[in-house]
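Take a look at the structure set out below.
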Amino acid sequence: MSSWTVRVREFGLRNLPPERLLPDSQPAYMASAIYLFGALTIGALVTIIASGTILALKGPAWWHVQSIGHFFNSIHLWSVELFFFFMVIHLWGKFWMAAWRGGRARVWMTGAVAFVIAIPTAFTGYVSQQNFDSQWIATQGKDGMNSLGVGSFFNVLNVGQMYSYHIFLFPVLVIGIVSLHILLVRRHGIVPPIPLADSVADAAAK
């Protein structure tokens, strides 16, 4: 009887063989720019994690006072803006391409879940800035949280709680779901464009 390590290895090789996990070629249709936004989203996420790690290590007194702290804070902010910009284009592009075709439903759903989780991640970041903007956002947001019935354990006026959510809990969830999304893409392959013959047939039927 094989050990659990052997079973895990066989499962991984069966579902993600090396030639699929790290392919050395891509289909010709990937030359379209719409396929670029997924990689741009991941690039922005890497920049967010790197700049956020530096900000978390140095603390708010650094990013509010030092010029280099302002610089890294700006990098973190604009990488978040670009992350959402690229992700929205990526999600909508794949929606109109019907990216769930060919057994790829879980690929689409993990991407959508990553977007949903990214929203509270960004929100907790805004209320953790420890400036007037964050205080204003928190006081406006607390009523919304209370109206949803989550204010008792998601207190936007508690800076420590929001900060811990922002730098640990939500990033772990985002990184985990994005990693799963990438592995599913590798397993099922890049979705091809909708065949022209199907589009012509649909137009004729109408």
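Here are a few things to note about the model shown:
- Qualifying residue in the range 77-96 (condition: touching a residue at least 60 places away in the same chain (Cβ under 8 Å), surrounded by 14 or more Cβ atoms within 10 Å (Cβ to Cβ) and either aliphatic (A, V, I, L, M) or not in a helix (DSSP H, G or I) (or both)): no
- Index of the failed condition, W63 passing every other in (1) of a type in the set (F, W, Y); (2) crowded, with 17+ Cβ neighbours inside 10 Å; (3) farther than 30 Å from Q130 by Cα: (3)
- Note on the range 115-138: residues that are more than 16 Å from F84 (Cβ to Cβ) and part of a helix (DSSP H, G or I) total 7.
- R101 falls short on exactly one of the conditions (1) touching a residue at least 24 places away in the same chain (Cβ under 8 Å); (2) surrounded by 15 or more Cβ atoms within 10 Å (Cβ to Cβ); (3) within 22 Å of the chain's Cα centre (by Cα), and that condition is (2).
- Odd one out for A138, checked against (1) in contact (Cβ under 8 Å) with a residue 12 or more places away in the chain; (2) surrounded by fewer than 17 Cβ atoms within 10 Å (Cβ to Cβ): (2)
- Some residue of the range 156-169 being within 21 Å of L82 (Cβ to Cβ) and either among the β-branched types (V, I, T) or in contact with a Leu (Cβ under 9 Å, 6 or more places away or on another chain) (or both): yes
- Any hit, the range 35-52, residues being closer than 19 Å to N131 by Cα and of a type outside the set (S, T, Y): yes
- Flag for I42 being among the aliphatic types (A, V, I, L, M), within 18 Å of Y126 (Cβ to Cβ) and under 12 Å from the mean Cα position of the chain (by Cα): no
- Among the residues of the range 97-114, those that are of a type outside the set (F, W, Y) and assigned to a helix (DSSP H, G or I) comprise A105, R106, V107, M109, T110, G111, A112, V113, A114.
- Test: residue in the range 88-97 that is in contact with a Leu (Cβ under 8 Å, 6 or more places away or on another chain), aliphatic (A, V, I, L, M) and closer than 25 Å to P193 by Cβ: no
Taken together, the values in this text are just the output of simple stated rules run on the coordinates, not laboratory data. Note that the coordinates shown come from a computational prediction; the quantities given were computed from them, not determined experimentally. Cβ: placed from backbone, ideal geometry, glycine included. Neighbour counts: every protein chain shown.
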